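Novice: Submitted below is the structure of interest, expressed as structure tokens.
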Amino acid sequence: MAKNTRQLDGLTIVLFGSLGSGKSSTGNSILGSKPFKIGIGTIPITTKLETEIAYRDKLAIRVIDTPGLQKSSDFSKLKDEVKRIHRDNQTGNVTYALVIQVGRYTTEERQVIEEIFKKNKGFLKNSFIIFTNREELNEEEILYDQTIDGWLQKNPSLLALIKTYKLKYRAFQNKRLLAAENDVQVNDLISAICEEDQPTSYCPVSDSKKKKQNLIYVSREQMGEKFGMYGNEFFDDQFTLQKNVDDYEMLWRSILPESFTDTDLSLDTQAVEK
């Protein structure tokens, strides 16, 4: 079944994982600012749940940073606290994102994570994995594919976790990244979180005014952005999409939010042709 998107007025992302996995840095990247303090290695800096909110393309994103997990029971306490925060603030859907650092997945960490998932199978069915230190894949002298998938092939326990619980995942770089590059990885993350086996609906993944990409249904594949509607054929740009889809304008009027204007529906063909 083709992947679709769910309509989000807001989104809460709960970052959890072991000490030093990069939760706070990832939270800062998602927010586009640095409200969360960052420590060195496994020195604990985050000692309680911390929450910050930012707006991206009219979507309210609440990020909850959490203390490093040392035992599975820590997750139960974390979960209860997140429920309280969500009840008080009601910031859209809640997604739990497990944060793991590329190149550092210890036996102790694996045991705690596997136990957490066993005890919370239903609860974590929509969870996500964010692999931090993506840049390490390019710096290591490795004999396998220098991608996150290549690294996972060398980590069968992680592959098994992903397959068993049908987890989505993305690799993140939190250092030495331009703001525009960070926007790409954050938009990709939000788009992936929005994907779900539900009827097609609205999910903002790009800023139409900045990028001149007025249609916001995007499938991010290895070859880049594709334009179209989930469940149908994708095209390399909006201009090609318009030429190949009957009743193009009427179709997009029917599924875009009421707040979108005629300007939002128009094509900047010069930008596309460039």
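Novice: In a shell of Cβ-Cβ distance under 15 Å around Leu49, excluding Leu49 itself, what net charge do Lys and Arg (+1) and Asp and Glu (-1) give?
Specialist: Details: positive: Lys23, Lys37, Lys48, Arg62, Lys77, Lys79, Lys83, Arg84, Arg87; negative: Glu50, Glu52, Asp65, Asp74, Asp80, Glu81, Asp88.
Counting the neighbours of Leu49, the net charge comes to +2.
Novice: Using Cα-Cα distances under 8 Å and only pairs 6 or more residues apart, what relative contact order does the stretch 4-196 have, in percent?
Specialist: Numbers: 299 pairs, mean separation 48.8, N = 193.
Relative contact order of the stretch 4-196: 25 percent.
Novice: Going down the table (Lys77/Lys119; Lys58/Lys125; Lys79/Lys119; Lys23/Lys119), which pairs top 24 Å between alpha carbons?
Specialist: Working: Lys77/Lys119 13 Å; Lys58/Lys125 27 Å; Lys79/Lys119 12 Å; Lys23/Lys119 22 Å.
With Cα atoms farther than 24 Å apart: Lys58/Lys125.
Novice: Please compute, over every Cα-Cα pair in the stretch 4-196, the percentage with a separation greater than 21 angstrom. Don't skip to the answer; put the middle values down first.
Specialist: Values: 9059 of 18528 pairs.
It works out to 49 percent of all Cα pairs.
Every read-out reported here was derived from the displayed coordinates using simple, explicitly stated rules and does not represent laboratory data. Worth saying up front: this structure is predicted, and the values here are computed from it rather than measured. Counting neighbours? That spans all protein chains shown, and the Cβs are built from the backbone with ideal geometry, glycine included.
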